[in-house]
């Protein structure tokens, strides 16, 4: 198969296998997928705002359940945003210990 497909343009291979009744589709590049209007209509790729970067494209969920709404896309926490909370909850550290970690350059 590789010997037959390798020297041919992708469109020619796709047309030939379709004409032969073989269920198939060409493999697309990331660029092609990312610019496909259908991908945006189906919300497989969505745009969201990140505080430090502005508008970015992110993957939505490919699973669509009837008329249910798309889940909200929220930005990830900033680096270190939840450090104090995690250290308090998981390690039981207090304000003084957290301040010492900051002074030492640990957090």
task: Can you tell me which residue among 27, 17, 44 is over 16 Å from the mean Cα position of the chain (by Cα) and surrounded by 13 or more Cβ atoms within 10 Å (Cβ to Cβ)?
output: 17
message: Based on this model, can you work out whether residue 52 counts as assigned by TED's automatic domain parsing to the domain that holds residue 1 and surrounded by fewer than 12 Cβ atoms within 10 Å (Cβ to Cβ)?
response: no
Residue among 15, 43 that is on the phi > 0 side of the Ramachandran plot and either in a helix (DSSP H, G or I) or touching a residue at least 12 places away in the same chain (Cβ under 8 Å) (or both): 43
message: Among (1) surrounded by 12 or more Cβ atoms within 10 Å (Cβ to Cβ); (2) more than 30 Å from residue 35 (Cα to Cα), there is one condition residue 60 misses while meeting the rest; what is its number?
response: (2)
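The values are calculated or read from the model by the stated rules, or taken from the named source; none is laboratory data. What you see is a predicted model; the values in this text were computed from it and never measured. Cβ atoms come from the backbone with ideal geometry, glycine included; neighbour counts cover every protein chain shown.
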